[in-house]
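One structure is given below, encoded as structure tokens.
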Amino acid sequence: MRSARYRELWNLLFVALVTAIGFLSVYTARQQEIDSTSLIYAGYFLALYAVAHIGLRAGLPDADPWLLPLAALLTAVGLIEIYRLNPTLARDQSIWIVVGLAGFLALILLVGDVRRLESYKYTLGALAVTLLLLTMVVGTEINGARLWIRLGGIQVQPGEFSKLLLVVFLAGYLREKQEVLSMSHRTILGIGFPAVRHLGPLLTMTGIALAVVAVMNDMGTALLLFGIFLAMLYVATGRSLYTVVGLALFAAGSWFVYQTAGHVRERFSIWLNPWPDSRDTGYQLIQTIESIADGGLFGSGLGRSFQLLDNGSTIIPAAQTDGIYAVWANETGLAGAAGLLIVYLLFAYRGFKVATLADDSFSKLLAAGLTFAFSFQAFLIVGGVTRVVPLTGITLPFVSYGGSSIVSNFMLLGLLLMVSDRTRKAIR
Amino acid sequence: MNARIGRLFWIAALGTLILVTMTAYWQIWAAPDLAAREDNARLVYRQLSVKRGLIYDAGGHTVLAANKRRVKNGITLYLRRYPFGPLFAQPVGYNTVGEGRTALELYYNDYLTSSNSDLATLFDKLGDKLQGQTVTGNDLVTSLSMPAQRAAARGLGTLHGAVVALEPQTGRVLAMASSPGYNPNDVAGAIKRSAAPGSGSPLLNRTTQGLYAPGSTFKVVTATAALESGRYTPDTIIDGKGTCITIQTVPLCNAGGEFAGQVSLAEALTFSYNTVFAQIGEQVGKDRLYRTMQAYGFFQKPPIDYPSDELSRSGMYSRGKFLAPSAPVDIARVAIGQERLLATPLQMATVAATIANGGMRMAPSLVDKAISPSGKTVFESSPEQITRVMSSQTAADLTSMMRRVVEEGTGTAANVGNLSVAGKTGTAETGTAGLNNAWFIAFAPAERPRIAVAVVIERTPEFGGTIAAPIARDVIEAYLASGVAK
């Protein structure tokens with residue numbers, strides 16, 4: 001057995017300890033309302049990660065030893081807070097974690113070598129667009145946003161998966177076009193411009209992102225997809241010109257959408273000044289911010305903050321999804337909130353490290369893209385609830401309640417670990 | 001490519017820094033303001049989880065504001081219940097989840113929720129918290145007299161108007177009633193109903209916020225200025241100059257077209273001659289009259305333990321806006337309580353109480369003391385002298401003049417058996433022909449006053465002496481008969 005896996009085991013044991021403490025403190029704070037049998041979720045949660053760890057020992061013995069424990073810590077934070085808000089939802093979430101881990105192991109087993117994905121890049125890219133189009137056409141609208149497709153009894157959020165597919169597609173596509181995109185076709189005012197036909201993808205991508213905003217009212221996914229695209233384009237070509245042009249195009253497009261689509265305008269005005277509509281449109285953001293503020297430096301303690309109304313519903317609308325960071329910040333204070341953000345940064349650090357160590361462009365682009373997607377998504381939603389950016393409905397990776405989010409992020413983790421395992425094996 | 005990936009990491013680090021900074025901003029910098037926002041459900045529920053202190057009438061005999069406990073989904077809440085419904089709605093106010101709080105419930109919220117910072121309360125609260133018990137607030141004992149309040153409410157009945165009664169020596173509020181009222185047990189419903197046209201603003205506390213032309217009751221203020229000037233005694237003879245005189249080209253007449261010849265100041269007050277008081281006003285002048293008004297408390301919000309938002313200043317108003325005392329006025333018409341002069345019932349009760357107290361104005365107060373759950377008195381109000389408005393001689397003169405108003409003048413309806421009531425009527429036209437705002441201010445017993453009252457009835461075809469005076473009499477009688485007063 002290899003040292004990386006022992007490292008991982010120790011990390012996981014530490015996470016196990018934190019998780020157990022977390023569940024116990026929620027339980028002690030709320031034992032009048034919740035019964036002790038629900039405590040088995042904690043044990044069950046730990047067993048799952050033991051299985052994942054054994055799976056990695058068998059499948060990817062050399063993979064990075066930090067990523068899985070960091071993901072485990074994030075899912076633990078999410079599960080504890082969801083459990084604290086509503087034990088029934090926590091049960092669902094733990095089922096999603098099982099599904100996610102199963103998908104994670106299946107992916108590792110089936111794909112084996114990530115580079116095999118490169119040859120399916122167009123298929124995967126087309127699938128990403130199809131998923132988005134499908135949502136636009138047959139999607140169900142919830143709270144004014146069309147993010148979900150109903151499949152049997154469950155709702156799937158295809159945006160979460162098209163994010164992954166897009167990264168894989170772009171990694172393949174950009175590796176192929178890297179050279180032509182980096183070359184200057186002609187020079188205007190001292191700035192080299194590539195041939196116009198190579199700008200096609202940039203325009204297409206901008207169009208897709210804006211369509212997502214306009215039709216699905218899903219500004220979060222649009223920003224996320226577009227951000228991923230720009231970041232990967234930059235990593236592939238090293239040309240900040242694309243970033244500038246891309247941002248300019250997006251800004252112009254956003255302005256157009258802002259002018260034409262009322263719901264986007266409303267989101268912006270809430271973001272700029274939520275206070276006058278505290279009982280109406282600004283309610284969610286204000287309650288979220290008030291919850292964060294209530295935490296102070298060290299928080300109220302797990303399970304001890306004020307989250308539920310006397311009719312059993314949460315004060316913050318969508319507390320278990322959009323508002324989960326606010327609940328955590330309320331209960332653990334600035335210390336816990338900053339800690340959580342640092343866990344995301346550590347994840348980003350390990351992810352980007354996987355990318356720099358990778359020895360082929362596809363793997364590098366893939367790992368960098370996946371890591372950026374993960375971090376940027378966290379930034380968008382935490383920024384949304386802290387009023388850094390407009391509040392959107394995307395999930396906090398591994399923490400928010402939701403099956404699609406959990407499963408897609410486990411697949412993201414699986415891909416990262418696959419890249420890592422191959423390179424570290426090569427180094428060894 | 002690795003350098004670019006490295007740059008992406010630094011972007012992620014910068015993003016993290018922004019998020020941590022912004023979270024810190026909300027949790028540390030902005031937190032106090034956010035915690036105090038009225039839309040903060042946390043604040044409201046946290047306060048509802050406190051067992052608020054009870055509010056009692058004078059002497060702590062009867063509970064005016066109680067709690068009902070409700071446990072739901074593991075959350076224990078204490079909701080307010082007001083056993084007397086609308087009877088004490090104006091002084092006590094309400095405390096609700098959705099509609100906030102008013103009146104004493106608002107002004108003394110810190111005491112009622114034990115958020116006040118005195119030591120006895122802090123220890124009680126700490127004890128509660130350590131034992132995991134509900135925090136219990138301090139009880140308030142008010143100065144409100146059950147018989148006086150009942151008599152005031154009964155007197156008003158379905159009429160629109162207000163009654164305030166004060167204890168002259170202390171300024172303690174004995175009764176505070178405003179009609180139409182509302183039931184504080186259903187504030188949401190009351191607010192909904194108050195939006196309907198013709199509802200008569202049931203949520204408005206007319207005693208502190210209602211502004212009415214004081215009419216002839218104001219002649220008492222003019223008489224104070226006149227006597228204090230040293231140029232007048234109650235026996236000074238003034239020429240009433242008949243039925244009407246012309247002031248600033250507009251004729252000014254006596255009520256009912258009465259003829260005033262050579263009359264004494266005392267007679268002029270007894271029969272409320274406008275032509276006499278208009279001349280006195282011009283003689284005394286704006287400066288002196290305004291100084292007297294200022295001393296009585298005009299032009300300022302009253303110094304009462306009541307939320308500032310629910311208090312109005314008495315003084316000159318133009319189109320609903322308060323006029324600075326420097327604004328030019330027709331002082332002859334001010335002297336008879338007209339022009340653009342508006343006063344609250346609380347202000348006019350203060351005028352009566354000041355005279356009853358020998359010329360010393362006291363700060364009105366609603367709460368006598370606050371008592372912690374362990375029985376300690378954590379706050380006790382003591383009578384507060386504001387200013388001497390007049391000499392005790394002037395006060396004695398005014399008392400005998402006002403005594404004559406009730407004995408033989410316009411206020412005979414206020415006579416109570418063998419009790420000596422001193423008072424002054426007022427009837428101010430409303431601008432709608434045949435409808436007046438009817439006033440009566442009074443105190444009793446004249447020799448050793450124990451209660452001062454102001455009554456106003458809105459838009460009535462009757463007069464101060466016929467509709468307001470009997471209500472004042474009933475309040476006085478009920479209070480003095482109750483034996484609460486020494």
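No lab work stands behind these numbers, since they all come straight from the coordinates. Keep in mind it's a predicted model, so treat the numbers as computed, not measured. Neighbour counts run over all protein chains shown; Cβ positions are idealised from the backbone, glycine included.
Laid out as a table, the results:
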{"quantity": "Tail fraction, Cα-Cα pairs, segment A:308-394, threshold 21 Å, whole percent", "calculated": "43 percent"}
{"quantity": "Dimensions in Å of segment A:18-95 - Rg and Dmax from alpha carbons", "calculated": "13.8, 46"}
{"quantity": "Rg/Rh for segment A:273-418, where both radii come from Cα atoms and Rh is the Kirkwood radius", "calculated": "1.04"}
{"quantity": "Among B:29-35, B:313-319, the order from most to least packed when residues are scored by Cβ within 10 Å on average", "calculated": "B:313-319, B:29-35"}
{"quantity": "Per-residue Cβ neighbour rank within 10 angstrom, fewest leading, B:Ser374, A:Ser119, A:Ser420", "calculated": "A:Ser119, B:Ser374, A:Ser420"}
{"quantity": "Segment A:36-147: Cα Rg divided by the 2.2 N^0.38 Å rule of thumb", "calculated": "1.34"}
{"quantity": "Chain B - share of DSSP beta bridges that are antiparallel (%, nearest 5)", "calculated": "95 percent"}
{"quantity": "Magnitude of the charge dipole, the protein assembly as shown, Cβ model with Lys/Arg +1 and Asp/Glu -1, debye to 20", "calculated": "2340 debye"}
{"quantity": "Rg in Å to one decimal, and Dmax rounded to a whole Å, for the protein assembly as shown via C-alpha atoms", "calculated": "38.6, 123"}
{"quantity": "Nearest-ten-degree value, helix B:469-481 long axis tilted from longest Cα axis of chain B", "calculated": "70 degrees"}
{"quantity": "For segment B:170-220, radius of gyration divided by Kirkwood radius, i.e. Rg to Rh on alpha-carbons", "calculated": "1.09"}
{"quantity": "Over chain B: helical MRE at 222 nm, DSSP H runs n ≥ 4 each giving -39500 (n - 2.57), nearest 500", "calculated": "-10500 deg cm²/dmol"}
{"quantity": "Most mobile listed residue (A:Asp113, A:Asp64, A:Asp280) in chain A, GNM with C-alpha springs under 10 Å", "calculated": "A:Asp280"}
{"quantity": "Value in Å of the Kirkwood radius, where segment B:200-311 supplies the Cα pairs that are averaged", "calculated": "15.7 Å"}
{"quantity": "Solution diffusion estimate, µm²/s, Stokes-Einstein, chain A, Kirkwood Rh from C-alpha pairs, 37 °C, viscosity 0.692 mPa s", "calculated": "147 µm²/s"}
{"quantity": "DSSP beta bridges in segment B:397-486 [antiparallel fraction, %, rounded to 5]", "calculated": "100 percent"}
{"quantity": "Dipole magnitude (debye, nearest 20) for chain A, charges at Cβ of Lys, Arg, Asp, Glu", "calculated": "1280 debye"}
{"quantity": "Segment B:267-331, relative contact order [Cα under 8 Å, separation at least 6], %", "calculated": "26 percent"}
{"quantity": "Relative contact order (%) - chain B, alpha-carbon pairs under 8 angstrom, separation at least six", "calculated": "16 percent"}
{"quantity": "Computed Kirkwood radius, in angstrom, where 1/r is averaged over Cα pairs of segment B:341-486", "calculated": "16.2 Å"}
{"quantity": "Angle between chain B longest axis and helix B:219-229 axis [Cα atoms, degrees, rounded to 10]", "calculated": "70 degrees"}
{"quantity": "P(r) of chain B over all Cα-Cα pairs, binned every 10 Å from zero, in whole percent", "calculated": "4, 19, 27, 21, 13, 8, 4, 2, 1, 1, 0, 0"}
{"quantity": "Per principal axis, descending, Cα span of segment B:248-346 in whole Å", "calculated": "47, 27, 25"}
{"quantity": "Span-like helix ranges in chain A, DSSP H, alpha carbon extent 24 angstrom or more, Kyte mean at least -1.0", "calculated": "A:3-29, A:40-59, A:67-85, A:87-111, A:121-138, A:158-182, A:219-237, A:240-260, A:324-357, A:361-385, A:403-427"}
{"quantity": "Spherically averaged projected area in nm², based on the convex hull that wraps the Cα atoms of segment B:1-94", "calculated": "10.5 nm²"}
{"quantity": "Distant-in-sequence amide H partners of B:Arg172 (H built 1.01 Å from N, under 5 Å)", "calculated": "B:Glu167, B:Ser365"}
{"quantity": "Segment A:324-428, relative contact order in percent, only Cα pairs under 8 angstrom and at least six apart counted", "calculated": "26 percent"}
{"quantity": "10 Å Cβ neighbours from other chains, averaged over peptide B:33-41", "calculated": "5"}
{"quantity": "Chain B: angle of helix B:345-356 to the longest principal axis, Cα-based, in degrees nearest 10", "calculated": "60 degrees"}
{"quantity": "Rounded, prolate or oblate (a/c below 1.5 giving rounded, otherwise prolate when a/b exceeds b/c) for segment B:308-405 by Cα gyration tensor", "calculated": "oblate"}
{"quantity": "Kirkwood-based shape ratio for segment B:140-179, expressed as Rg/Rh from alpha carbons", "calculated": "1.01"}
